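Scroll down for the structure; my scribbles are underneath it.
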């Protein structure tokens with residue numbers, strides 16, 4: 001009996017240590033990542049610690065490539081794509097470090113003009129990265145804004161959002177509902193007071209337009225043919241096609257075509 | 001005719017798209033549409049409550065259907081009208097500009113939305129979510145001072161912004177002064 005207790009206590013101490021080890025990155029987590037994702041990042045960071053705590057050069061470059069790709073894809077697709085939280089978290093960390101480096105270097109302003117030029121190049125690149133992230137996040141928020149009722153009632157789409165984005169949706173939707181209520185909804189008969197009423201002739205829900213035309217480039221030779229009515233489009237590698245999003249979306253997901 | 005007032009709201013929204021600022025809120029029209037909705041609802045209830053009402057009667061059925069559709073159309077127009085305005089208020093809140101022609105409820109909405117933007121910016125302080133959505137070109141620019149500002153502290157030291165002087169500065173450091181017209185890019 002006593003031994004059992006001792007064992008349990010031992011385990012408690014262990015798990016206590018474990019959670020305190022994990023909590024600092026979790027509480028300072030700016031992007032609202034789940035525990036699993038932060039663990040992944042920790043593992044990743046630990047693996048490469050001997051060289052650079054923020055990843056090897058190849059990893060950093062791959063991340064920037066992925067960010068650029070995600071940004072283009074997010075801007076082109078009418079619906080919200082799965083969030084790239086883990087990627088953003090890694091890049092934001094590096095951005096933060098880069099800003100610190102710039103601040104340090106610009107304080108010890110030596111007459112050496114090479115430092116100035118170096119800083120100028122670093123800052124230009126940094127501004128570009130910051131622009132990519134900002135534009136990426138704002139495009140997502142705009143998509144949420146334009147179809148708030150739709151996203152509110154679509155659990156599948158909500159899974160594509162980060163925690164911050166879900167918070168944003170909930171709060172913004174509440175504000176809009178409140179505005180509608182005070183401007184006119186309160187005077188409506190009860191049967192009309194629903195916000196997400198999509199039955200009948202005039203749907204009250206603004207949905208993303210899945211038939212929005214998009215430009216894509218075929219990057220893999222699949223030999224597939226898409227048939228639209230009497231027309232057909234063959235997906236040949238290298239060709240560029242304008243097509244409805246709803247038709248091409250599965251090839252975007254499989255990576256056979258990319259947005260341009 | 002049914003739906004005429006609502007159509008005027010739609011035209012107003014259409015016109016708004018071409019304007020730089022939101023026009024005044026169409027209080028009268030909105031109230032008119034709400035009144036029409038209540039009248040239609042009352043009329044529907046009255047028909048259904050009449051002693052001789054027969055749900056199988058095709059004429060009565062058609063009459064009810066038209067009134068239902070008109071009511072829903074009215075509601076859709078109101079939502080579209082207000083959403084158009086809300087979207088412009090959102091844009092203004094992100095750009096930190098003013099919309100002078102809002103009614104009381106709209107002012108409250110915009111203020112609350114501005115608070116929400118402040119909160120959503122929090123996790124991304126290094127990025128500045130309210131920053132420009134134009135791709136950056138020059139990080140550093142030459143500016144001429146049009147109106148004396150006094151001393152401005154930046155990471156590259158202190159600038160004394162006297163009228164007619166010129167400086168090579170970081171764009172993001174002087175963005176606000178540029179917008180306010182104190183400085184001019186050259």
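Only the coordinates and a few stated rules stand behind these numbers; no lab work does. Quick caveat, the model's predicted, so the values are computed rather than measured. With ideal geometry, Cβ positions are generated from the backbone for all residues, glycine too; neighbour counts draw on all protein chains shown.
Here are some notes:
- For segment B:140-185, the fraction of alpha-carbon pairs lying more than 13 Å apart is 46 percent, rounded to a whole number.
- For chain B, a Gaussian network of Cα nodes joined below 10 Å ranks B:142, B:119, B:20 by mean-square fluctuation, and the top entry is B:142.
- Two-decimal log10 I(q)/I(0) for segment B:4-124, as the Debye equation yields it once each C-alpha is a single scatterer, q = 0.22 Å⁻¹: -1.18
- Separation of segment A:153-200 and segment B:158-186, taken as the distance between their Cα centroids, equals 44 angstrom.
- Debye log10 I(q)/I(0) for segment A:169-249, one point scatterer per Cα, at q = 0.11, 0.15 Å⁻¹: -0.56, -0.70
- Geometric extent, Cα atoms of segment B:42-84 - Rg, Dmax (angstrom): 13.7, 44
- FRET efficiency estimate (nearest 0.05) - Cβ-Cβ, residue A:237 to residue B:158, R0 51 angstrom: 0.30
- Pairwise centroid distance, computed over Cα atoms, of segment B:85-128 with segment A:208-260, Å: 38 Å
- Converting the Cα gyration tensor eigenvalues of the protein assembly as shown into ellipsoid dimensions via √(5λ) gives semi-axes, longest first, of 48, 33, 26 Å.
- Among the residues of A:68-79, the average count of other protein chain beta-carbon atoms within 10 Å of the residue beta-carbon is 0.
- The distance between label points at residue A:253 and residue B:15 comes to 4.6 nm (points 7 Å beyond Cα on the Cα→Cβ vector).
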